[in-house]
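Report on the structure given below.
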Amino acid sequence: MKIRNFLLHFGLTVTVIVSVVLTTIILTNPATFQRDSKTTTSPGENDTTTSTRTVSDTFVPVQTILNQDREQYQLYSSKVNLVNSFRNEIRKWTAHKNITKTTFKNEEEYVAFLEQKNAVVLNYSDSVTIKLFNQAFSQKIEKHQGAKYNRILIPLKQKNVIYLLNDQTKGVYKVTFNKRNVKKIKTVLKNNEIKRLQMEHYLLDGHLAIFYLNSIQVPQYSYLINKVNASSFVTQLLDSNGGNSISTKMQKNKVIYSDGADNRMTVEEQTSQIKYANYSNSDYSNSTAERRESFNDHLKTSFAKLNSIGAALDDVYYSEYDQSNSTIVYRSYVSGFPIINKHNYGAFKIQTMNSGGLKYDFSLLSLQVPVPSGGRTVTLPSTITVYQNLINAGYSASKLKNIQVGYRWKKNSASSLIIDLVPTYFVNYAGKWTDYSELLK
């Protein structure tokens, strides 16, 4: 027992020392720990952030599946960006301008096609359009540009084709290329840094969810965090033309900024969460036309608004679209797993209201650089165990929309400049994402 206590105290002491050293280095030379040239940040509170994020960087798949023989595996790696590697290869191919569509009669036939042997499947978190495929993968497909899809299937033995799949309609679009070389894709798949999680597809309320067949081990990460000064967003979001004076009102744990022109920004001091609302049509020259725009244009318009905020968008990808309230969500992903949190750490929500106004919901905090976490992993139960535990706890199967592994944001006990990303299951119950452990409480 004495040895165990000694090791525990020793480990905590080392962690604190490392955190202090990292903090000192960063404060004296912030450039040492910049994530890359895409973002300029430093620890503590900064006045500005910059981003060179583009549509083609953001509307891409977030997850990789390998169909090998009769088994399926989710692939992930902290060292290899799988989606980016495969995307770079597809960009070298030249697709025919016309594509063909097939619709399967039932779920069984569709899933059998999805799970075909010897194929790589790139999954989006939600549907996008073929027009966005053109942009992200440097192609010039002319037919079905407005059609939606949410998976890319790359056969490893079938020549010169890939398929774009739509789970909702069970539609499959066949894209033919003049020449397609998958040798580099196969080489990437052999990388020893890639981990595998055996899984199968399970139908939840019409949604094909990934169910892990056994308990799984998922790495835990630690990151230095960056906090942007709220004043920079006041400048970006409230009366950028300077025609109105900005008033500030203090409430309990809140600061509310208003410019007298239907623009209001609320900063939650304890959680660093920002909620912005513009209830008027002043920013819309034609709000009715915007609400009638195509799904593709709606996605691109929302991203333009996201970019206009001026927030750091490294590792932020399109996550989901809620048609019921016209809200588009962008999230940070780590090794193919999303960060999900009720305070929107790592997430941006953009809502278009019926009046033509806008609502933004995001955080002042963002990830900066990873710090050593000792190779820690968290063991999670099989997905069917999670599902059964929820049913046994009294939750309705009809309201279980999705179950997926993601990261929750946890304060590091050794340093306020560091947060831990802890893997857990998240459950979309009645349209709201909640930590599995919170539901069982």
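Read-outs throughout are calculated quantities, based only on the coordinates presented, and are distinct from any laboratory measurement. Here the structure is a predicted model, which means the values were calculated and not measured. Ideal geometry is used to build each Cβ from the backbone, glycine not excepted, and the neighbour counts take in all protein chains shown.
Structure values in brief
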read-out	value
Stretchable slack from ASN81 to SER398, in nm (0.36 nm times residue separation minus alpha-carbon distance)	110.6 nm
Set of lysines near LYS249 by C-alpha distance (under 16 Å), chain-local residues within fewer than 8 positions excluded	LYS275
Segment 329-370 shape via C-alpha gyration tensor axes, a/c threshold 1.5	prolate
Virtual spin-label span in nm between ARG91 and ASP69, 7 Å along Cα→Cβ	3.6 nm
Cβ-defined net charge surrounding PRO338, 13 Å radius [Lys, Arg +1; Asp, Glu -1]	-2
Estimated FRET transfer efficiency when R0 is 25 angstrom, pair ASP126-GLU193 (beta carbons, to 0.05)	0.35
Candidate lysines for bridging to LYS170, where Cα separation is under 20 Å - those fewer than 8 sequence places away on the same chain excluded	LYS101, LYS105, LYS117, LYS131, LYS143, LYS148, LYS401
Karplus (6.51, -1.76, 1.60) ³J(HN,Hα), θ = phi - 60°, over segment 358-374, in Hz, Gly and Pro reported as x	10, 10, 10, 9, 7, 10, 6, 9, 8, 6, 10, 9, x, 10, x, 10, x
Label-point separation in nm, ILE391 to ASN118, each point 7 Å along Cα→Cβ	3.7 nm
Prolate/oblate/rounded label for segment 178-219 (Cα gyration tensor, a/c 1.5)	oblate
For segment 369-441: rounded, prolate or oblate by the Cα gyration tensor [a/c cutoff 1.5]	prolate
Partners for LYS157 among aspartates and glutamates (Cα-Cα distance below 15 Å; same-chain residues under 8 apart left out)	ASP69, GLU115
